2 protein chains.
Amino acid sequence: MRREGPIREILSSAPAWLSGGGQDADVVLSSRVRLARNISGFNFVGKSDISERGAVMNLVRKNLAKAGVIAEDDKSTCWLDVSKLDEFSLEALKERQIISRLLAKGHRASGEKAEQDPRAVVVFRPGERVSIMVNEEDHLRMHAVRPGLTLDETLAEISEIDDKVENVLEYAFSPRFGYLTACPTNVGTGIRVSVMLHLPALRILGEIEKVKRAAADMSLALRGFWGEGSDADGDFYQLSNQTTLGKTEELLLSEIQGSIVPRVIEFERKAREKLLNQRREYTEDLVYRSLGILTHARRLSAAEAMSKLSEIRLGHSLGLLQSPDVSTINRLLLLVHPAHLQHAAGRLLNQGERKAARATLMRETIC
Amino acid sequence: MRREGPIREILSSAPAWLSGGGQDADVVLSSRVRLARNISGFNFVGKSDISERGAVMNLVRKNLAKAGVIAEDDKSTCWLDVSKLDEFSLEALKERQIISRLLAKGHRASGEKAEQDPRAVVVFRPGERVSIMVNEEDHLRMHAVRPGLTLDETLAEISEIDDKVENVLEYAFSPRFGYLTACPTNVGTGIRVSVMLHLPALRILGEIEKVKRAAADMSLALRGFWGEGSDADGDFYQLSNQTTLGKTEELLLSEIQGSIVPRVIEFERKAREKLLNQRREYTEDLVYRSLGILTHARRLSAAEAMSKLSEIRLGHSLGLLQSPDVSTINRLLLLVHPAHLQHAAGRLLNQGERKAARATLMRETIC
């Protein structure tokens, strides 16, 4: 199922946040900041009808251009009218973490259909660095994401966009509570800060609980990043704040970037050192078996592929193997998912065909 | 632990029965015939003392030469005084199926030590085709073994030797019962006929019970060939008769070679066909994953190595992979065992070192 047009453009390269670069990239895959905003004078999305959501969408599109946030003739800007996308494209955008499940599904008041629900996402700045969902839970959900541990720059980028938008649109704001949002947990700064962590050594040594406790102590959430459930496919965990009220953005950032993330990075690095120094044979065996499976299997589930990729990523960071490089491994973490596989194949694939295509992709990419 | 002398000679090549040749070699690894004989005028081994066993041993050695069965200046004849061998050499000979556990252990009447127990094995004819154990359960246990399904020729070879020995030594024989043996199950012809079968497809499809029932119906035993227990390491099963009384050698052979073995071969080939035609992707995946593990693992247990070798042997017979060839796979089935590994390493290895050496051997041998 090869897409034409903007979706094809998007699917034809890997997002920059999977480049494998940035600070502490051995443990931190990416840093992400999201701001939730609503426009004054309109109902929240969940309370609005189709015509109001349509008005919000048009208003946003016009004003993003007016504010100079997007320039529609810019190649790296892509405005997608979500109600016009097919299932396949929606799936692909979810896999890339450009849209949420909620935006894909749409709002279905009685008598309304998802394909009539006005909602959009705009992806811009090179490498899908910034995206804005319109009419998700809030009128605006603005995201910036970068590789490695770079929350400061990521926040700076999304804040600059936020300021520009605020110049042209009046946000729903209370002097007492701050930015008003559909869900009370977002009221205040409307910020969610998250880092995606790769923690294979802690999982292997059975020490993930340590990270969970440290996160819980600071009221942070630790979730799997990909996949349906809360489990961490391939040892990738998303660490994020759960509430925003009563903390400035700076305090939140310093708690996450200045305190817990460095601790988790240290836990993971110590665990890797332990694997290398005290359980080297075991670890080499684990890493090379994963490489053997990836380069030989004829059928691979997404979960198994993620798990084996995680182990060779660990092997790479321990210096146990040189090839494939981290950016290739990271890219594969995305390409193993169904819509991306089908895009590459140029046709719909059933589950068995996807397993075969996934295995072929691995064999052709990893030598 | 590299051995010098005759043991080294033996360990430096693979026995002919693992060559991968012979009739129906896709399923039948080897055909083996054993004759149990005792010398008239001496107690059975279990009832004898050291001096009597010493006398039997000397008598046998002298008369095998006299009968022209062995010529000690012949390069392919190797007489081994088992009581003089160390643990390591005994282990290596057991792995090659040249001596039994009982012969290695020796007879330990009160006050006697195994290293004083006179017992021997003579290996002769190219490729270890024939061997004779002296003072095992019976005075003589004479074996011939060949690759593939060739019981006729194998029986002919051992019978010719038996006749020559009978010309110079008087066997314990009863006109009513036939050849007399220490264990009543061997009385009569003293023959045990066995074929080693490779039945991976039947195991994969859960149809081994079919073979077990067919064997039980004919009072035949189906056992694992290598390893401690009765389980078939690597899907190799030894099918053999359990009793000898009341059946001529010809009848026994026709039952095994003319009836049950062809049926089992057909079962297995049908199962392989089914795997190829109805579950091809599954089978390819299985075979190539095994190849991936063998060529990438850094630690391998003997059981895992046997099991993966079995699966690539299946893959070879299905035409799913060309390399390694069957003789290489068969040879590895022997070389993965502890004494052979240590012989190759030239030193004693602990269990962890053996796992590493086994994995290295695989990576260096299979490309």
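The values are calculated or read from the model by the stated rules, or taken from the named source; none is laboratory data. A quick note: this is a predicted structure, and the numbers were derived from the prediction, not measured. So basically every Cβ, Gly included, is an ideal-geometry build from the backbone, and we count neighbours across all protein chains shown. We work out accessible area using only protein heavy atoms, side chains counted, and drop any ligands, DNA or RNA first. Shrake-Rupley method; radii C 1.70, N 1.55, O 1.52, S 1.80 Å.
Which residues, counting only those in segment A:176-197, are among the hydrophobic types (A, V, I, L, M, F, W, C) and not in a loop (DSSP other than H, G, I, E, B)?
Of the residues in segment A:176-197, the ones among the hydrophobic types (A, V, I, L, M, F, W, C) are A:177, A:180, A:182-183, A:187, A:191, A:193, A:195-197.
Result: A:I191, A:V193, A:V195, A:M196, A:L197.
Of all helices (runs of 4 or more DSSP H) completely enclosed by segment A:1-100, which ones contain at least 3 residues that are modelled with pLDDT of 90 or more? Lay out the reasoning, then the answer.
Values: elements: A:5-11, A:50-66, A:87-95.
Output list reads A:50-66, A:87-95.
Considering the conditions (1) within 23 Å of the chain's Cα centre (by Cα); (2) within 14 Å of chain B (Cβ to nearest Cβ), A:S327 is excluded by exactly one of them, (2).
Do you know which of the residues in segment B:302-314 that are within 11 Å of chain A (Cβ to nearest Cβ) and not basic (K, R) is nearest to A:G315 (Cα to Cα)?
The first filter runs over segment B:302-314 and keeps only residues within 11 Å of chain A (Cβ to nearest Cβ), leaving B:304, B:308, B:312.
The next check asks that each one be not basic (K, R); those that pass are B:304, B:312.
Values: B:E304: 23, B:I312: 27 Å.
Out of the qualifying residues, it is B:E304.
Close Cβ contacts (under 6 Å, 6 or more residues apart or on different chains) running from residues in segment A:350-366 that are basic (K, R) to residues that are buried (at least 17 other Cβ atoms within 10 Å of the Cβ) and not in a helix (DSSP H, G or I) comprise A:K355/A:R299; A:K355/A:L300; A:R358/A:L300; A:R358/A:V336. Only one of the numbered conditions (1) within 14 Å of another protein chain (Cβ to nearest Cβ); (2) open to solvent by less than 30 Å² (accessible area, probe 1.4 Å); (3) within 25 Å of B:E95 (Cα to Cα) is not met by B:L239, and that is (1).
Does A:A271 satisfy being open to solvent by less than 40 Å² (accessible area, probe 1.4 Å) and either modelled with pLDDT of 95 or more or outside any helix (DSSP H, G or I) (or both)? Talk me through it step by step, then tell me what you get.
Numbers: open to solvent by less than 40 Å² (accessible area, probe 1.4 Å): yes; either modelled with pLDDT of 95 or more or outside any helix (DSSP H, G or I) (or both): yes.
Considered against the rule, which asks whether it is open to solvent by less than 40 Å² (accessible area, probe 1.4 Å) and either modelled with pLDDT of 95 or more or outside any helix (DSSP H, G or I) (or both), A:A271 comes out as yes.
Taking the conditions (1) open to solvent by 10 Å² or more (accessible area, probe 1.4 Å); (2) out of contact with any helix residue (DSSP H, G or I) (no Cβ under 6 Å at 6 or more places or on another chain) in turn, B:M196 satisfies each one other than (1). Among the residues making up segment A:100-135, those that are charged (D, E, K, R) and open to solvent by less than 10 Å² (accessible area, probe 1.4 Å) are A:D117, A:R119.
Please tell me if A:K355 is part of a helix (DSSP H, G or I), at the interface with chain B (Cβ under 9 Å from one of its Cβ atoms), under 25 Å from the mean Cα position of the chain (by Cα) and within 20 Å of A:E95 (Cα to Cα). Against the criterion (part of a helix (DSSP H, G or I), at the interface with chain B (Cβ under 9 Å from one of its Cβ atoms), under 25 Å from the mean Cα position of the chain (by Cα) and within 20 Å of A:E95 (Cα to Cα)), A:K355 qualifies.
Tell me yes or no: at least one residue of segment A:309-325 is among the charged types (D, E, K, R) and either assigned to a helix (DSSP H, G or I) or open to solvent by less than 40 Å² (accessible area, probe 1.4 Å) (or both). Show your work before the answer.
Pass one, segment A:309-325, residues among the charged types (D, E, K, R): A:311, A:313, A:325.
Filter once more, so that each one left must be either assigned to a helix (DSSP H, G or I) or open to solvent by less than 40 Å² (accessible area, probe 1.4 Å) (or both): A:311, A:313.
The answer is yes, given that some residue of segment A:309-325 is among the charged types (D, E, K, R) and either assigned to a helix (DSSP H, G or I) or open to solvent by less than 40 Å² (accessible area, probe 1.4 Å) (or both).
For the structure I just gave you, tell me whether A:G148 is modelled with pLDDT of 95 or more and surrounded by fewer than 23 Cβ atoms within 10 Å (Cβ to Cβ). Give the derivation first.
Numbers: modelled with pLDDT of 95 or more: yes; surrounded by fewer than 23 Cβ atoms within 10 Å (Cβ to Cβ): yes.
The answer is yes for A:G148.
Quick check: anything in segment B:198-212 away from every other protein chain (no Cβ under 14 Å), under 23 Å from the mean Cα position of the chain (by Cα) and assigned to a loop (DSSP other than H, G, I, E, B)? For segment B:198-212, residues away from every other protein chain (no Cβ under 14 Å), under 23 Å from the mean Cα position of the chain (by Cα) and assigned to a loop (DSSP other than H, G, I, E, B): present.
Among the residues of segment B:277-289, those identified as more than 8 Å from chain A (Cβ to nearest Cβ) and either touching a Phe, Trp or Tyr at 6+ places or on another chain (Cβ under 8 Å) or closer than 10 Å to B:I312 by Cα (or both) are B:L286, B:V287. In segment A:281-296, is there at least one residue being in contact (Cβ under 8 Å) with a residue 60 or more places away in the chain and not in a helix (DSSP H, G or I)? Checked against the condition, which is being in contact (Cβ under 8 Å) with a residue 60 or more places away in the chain and not in a helix (DSSP H, G or I), segment A:281-296 yields no hits at all.
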